[in-house]
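Inspection log for the structure reproduced underneath, given as structure tokens.
Derivation of every value follows stated rules applied to the coordinates shown; laboratory data play no part. Note that the structure is predicted; figures quoted are calculated from it, not measured. So basically every Cβ, Gly included, is an ideal-geometry build from the backbone, and we count neighbours across all protein chains shown.
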Amino acid sequence: MKLDCSDLSNFVKERNRRYQSTGNPTIGPFIVMTDKQIEEAIKDLQSWSDGHPQKTYLDDFKEKFPNARIDENGIPYCCLRNLRGNLKCLNPIDCFNCWNQIMEENK
């Protein structure tokens, strides 16, 4: 799932995810930056984020079951909650949002 790192909340989430996955201290705490440095930081993080997309439950399902039946919206004909009983159903009528939730890193 691709995120727009120019959005502040996405920037912070992706920055933290990058820091956790790489342990690179050069991307540690925020410092005072010029506009040019901010643009470069966003560009750099966007590049990293695009190269390390977060996996959704739908991505994982399609990877594990490539021949499964999929509806016209690209969603499996089964409810994610039925497969993973620990998830709360976001909308019992439309499974798109459930299937497109980002998986936790350790799942």
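How much net charge surrounds Leu45 when only other residues with a Cβ under 9 Å from its Cβ are counted (Lys, Arg +1; Asp, Glu -1)? Working shown, then result.
Numbers: positive: Arg15, Arg18, Lys43; negative: Glu14, Asp44.
Once all neighbours under 9 Å are counted, the net charge is +1.
Please arrange Lys36, Lys55 by counting, for each residue, the other beta carbons lying within 10 Å of its beta carbon, fewest first.
Numbers: Lys36 8, Lys55 14.
Ranked by crowding around the Cβ, least crowded first: Lys36, Lys55.
Could you work out how much longer the chain between Met33 and Asp94 gets when fully extended? Use 0.36 nm per residue separation minus the Cα distance between them, nm to one decimal.
Values: separation 61, 0.36 × 61 = 21.96 nm, distance 4.32 nm.
Computed gain between Met33 and Asp94 is 17.6 nm.
To the nearest µm²/s, what D does Stokes-Einstein give for the range 57-99 at 20 °C and 1.002 mPa s, using the Kirkwood radius over alpha carbon pairs as Rh?
Numbers: Rh = 10.6 Å.
Diffusion coefficient, whole number: 201 µm²/s.
Going by amide H atoms built from the backbone, whose H comes under 5 Å of the H on Thr56, apart from near neighbours?
Residues meeting the amide H criterion: Met103.
At a threshold of 8 angstrom on Cα-Cα distance, excluding pairs fewer than six apart, so keeping six or more, what relative contact order does the range 57-99 reach in percent?
Computed value for the range 57-99: 33 percent relative contact order.
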